[in-house]
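This report refers to the structure that appears directly beneath it.
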Amino acid sequence: MIGRELNKKRLSFQAVTPSGRCTEPRRSVEGKVRNLILFLVLSVSAFSHAQITSSVDTTNIRIGEEIKYSIEVVADSTDLVLFPEGQSFQPLEVIESYKVDTTYEQAKFRLIKKYGLTQFDSGSYTIPPQRIAVNDKIFSTDSILIEVADVPVDTTKQKMYEIKPAIEVGSSPIDFVKLLYWLIPLLLIAGLVWYFFRKKKKREAEEAQLPPYEEALASLQQLDASNLLSRNRSKDYYSQLTEIVKRYLDREIDETAMESTSDELIERLQLHKDAGNFEFDQETIGKLDKILKRADLVKFAKMELDQMQASSDRNSIEEIITETHDAVPEPTEEELLQNELYAQEQRRKRKRKRIVYGGITAVLVLIVTTVVLGSVYGWSELKDNVIGHPTKDLMEGRWYRSEYGIPAVMLETPFVLKRQDVELPPEYAESVQSSRFFAHGSILDRFYVVVNTTVFTQPMEGELDAALEAALRNFEGQGAKNLLVKKDAFETGKGVKGLKAFGSFQSDSPLLKGKDKQNYEMFVFGQEGALQQVIITWLDSDQYAEQMIDRIRNSIELEVQQAQQARKE
């Protein structure tokens, strides 16, 4: 019943007149028109604030090549635009997300966001729609079909080998020579550190030493606390007792007291008394003589003494030290000043000695380390890493990818090529529309790069050989001698074909040594009315130059040639 009612209503709206035209009620037509206008108004209001388009630079790539996917948004300056981030392009992978390019036109902002995409498996893939947020509204781009082709491999030129069986590899033997190279400087450094540390400790002990009289009394107290007598060690007791008194006399009276025998020490004290240097009491000298001789009997003749006698001798030694201390005259101000000056001079000498020894040690360590590293890694490698190498520094530094000339030649270099004004011969003025020349260095430098783009007034076809020959003749005109030339076809990474000349030559470069030579590579590309050239030269003896050449060579691309290639396909 409901179906029949709907059919009746549908028939009533689609009644046919005799003339063959539909006749709908006027009220129904006006309603449809109002709905259509309302829909268009809402659609315009929804998209009036932002216009979004997406595109790719190519839909056909080889495995691993880059696709440039662009999203363009035209919006007001107050709009907040959020582009997709992360791996939202699956099954394709994002290898680079470029910065947003912003331009201003007709009171609007044009935002261009580019992504570098790739795929490492062949087949057909679809870039899914991408969601872009403009303020609180979400917009989606169209999906795009991408074809990824295999890289052709010519198996007829590739030799095939049988799979070799696995072999056991023994443990690597220890290289004792290299181990010795490392041990020698380490032992030398350790020995020097120990020597200076020991001297420093000794000097600090000397500076912290007590005055002679206080030191002697402190040593006697330590002797009392040793309990040597109660353990029947008379020899050790008298050895320390005589050493205490001799050290005191050595520091205070006579600097040879420690090395003197008992008789020699008594004799020198008597001489000091007779000369009037010190006011010694004869009884004091005699008392010391008796104690020293008794100590010699105990130490060398193994004579045993009771504790009372040993204690008495100990007290007598303390009295002798005190009496001698009282007999020593107080130093005058002049003597104190001289002693202070002497001490300052000694400190300056020690400081100078430390500086000299430190410098000698540093030089020895540097020499030994240099010899070790040079023997292990090679002198050339050591020099390049420590002192530096011009080409190595360029290779490891910042690189620039730039476009040169019109039509553009794009390549990557560790320096920006500078434009140079080159005057064309008069006979070429009519046939050449424009010529741009960019270079870095000269043919006499360590590294020389040239890019030349020329546009002719007439289209040129099949003139690459002639252009290459002309470039070689111009090369000889710049100073290249004994030019060795080899030719081969060349193709850029994106399939643009050209010619390549390479080889070596001699020049008057001051960097050449003996039979050294320079190498070169020339690349020539031709298209409708345009000729593009890239020339690179470098020293044959420069071990780092080949890495730079590979990187520059693999980065060469041609803007106009790409468009021409697309038209041919």
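The values are calculated or read from the model by the stated rules, or taken from the named source; none is laboratory data. Quick caveat: nothing in here was measured; it's all calculated off a predicted structure. Backbone-built Cβ (ideal geometry, glycine too); neighbour counts: all protein chains shown.
Restricted to region 488-569, the set of strands (runs of 3 or more DSSP E) holding at least 2 residues that are at pLDDT 80 or above and within 17 Å of Tyr404 (Cα to Cα) comprises 518-527, 530-539. Among residues of region 268-282 that are closer than 11 Å to Ala327 by Cα and not assigned by TED's automatic domain parsing to the domain that holds Glu323, none has a Cβ under 7 angstrom from a residue that is surrounded by 14 or more Cβ atoms within 10 Å (Cβ to Cβ) and modelled with pLDDT under 80 at a sequence gap of 6+ or on a separate chain.
Of all residues in region 437-470, exactly one satisfies the criterion of being over 21 Å from Ala501 (Cβ atoms) and at pLDDT 80 or above, namely Val455. Summed over region 116-133, the residues that are closer than 18 Å to Val74 by Cα and either assigned to a strand (DSSP E or B) or without any contact (Cβ under 8 Å) to a residue 12 or more places away in the chain (or both) give a count of 3.
Here is the figure for region 93-115: residues that are surrounded by 12 or more Cβ atoms within 10 Å (Cβ to Cβ) and assigned to a loop (DSSP other than H, G, I, E, B) total 2. Going through (1) modelled with pLDDT under 75; (2) of a type outside the set (Gly, Ala, Ser); (3) loosely packed, with under 14 Cβ neighbours inside 10 Å; (4) assigned to a loop (DSSP other than H, G, I, E, B) one by one, Glu427 falls short only on (4). All conditions in (1) touching a residue at least 40 places away in the same chain (Cβ under 8 Å); (2) on the phi < 0 side of the Ramachandran plot hold for Lys302, with the sole exception of (2).
Conditions tested, residue by residue: (1) more than 23 Å from Ala327 (Cβ to Cβ); (2) out of contact with any strand residue (DSSP E or B) (no Cβ under 8 Å at 6 or more places or on another chain); (3) in a helix (DSSP H, G or I).
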{"position": "Ser219", "(1), (2), (3)": "no, yes, yes"}
{"position": "Gln222", "(1), (2), (3)": "yes, yes, yes"}
{"position": "Ser230", "(1), (2), (3)": "yes, yes, no"}
{"position": "Ser239", "(1), (2), (3)": "yes, yes, yes"}
{"position": "Asp254", "(1), (2), (3)": "no, yes, no"}
{"position": "Gly286", "(1), (2), (3)": "no, yes, yes"}
{"position": "Lys299", "(1), (2), (3)": "yes, yes, yes"}
{"position": "Gln309", "(1), (2), (3)": "yes, yes, yes"}
{"position": "Arg314", "(1), (2), (3)": "no, yes, yes"}
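Tell me, which residue of region 67-92 that is among the acidic types (Asp, Glu) and modelled with pLDDT under 90 is surrounded by the fewest Cβ atoms within 10 Å (Cβ to Cβ)? Within region 67-92, the match that is surrounded by the fewest Cβ atoms within 10 Å (Cβ to Cβ) is Glu85. Residues in region 127-136: is at least one at pLDDT 90 or above and either over 41 Å from the mean Cα position of the chain (by Cα) or farther than 30 Å from Ile52 by Cβ (or both)? There is at least one residue in region 127-136 that is at pLDDT 90 or above and either over 41 Å from the mean Cα position of the chain (by Cα) or farther than 30 Å from Ile52 by Cβ (or both).
Filtering Thr261, Thr324 for residues that are of a type outside the set (Lys, Arg) and surrounded by 12 or more Cβ atoms within 10 Å (Cβ to Cβ) leaves a single hit, Thr324.
Pairing each residue of region 481-500 that is touching a residue at least 12 places away in the same chain (Cβ under 8 Å) and loosely packed, with under 11 Cβ neighbours inside 10 Å with any residue that is in a strand (DSSP E or B) and basic (Lys, Arg), provided the two are 6+ apart or on different chains, yields C-beta distances under 6 Å for Asp488/Lys500.
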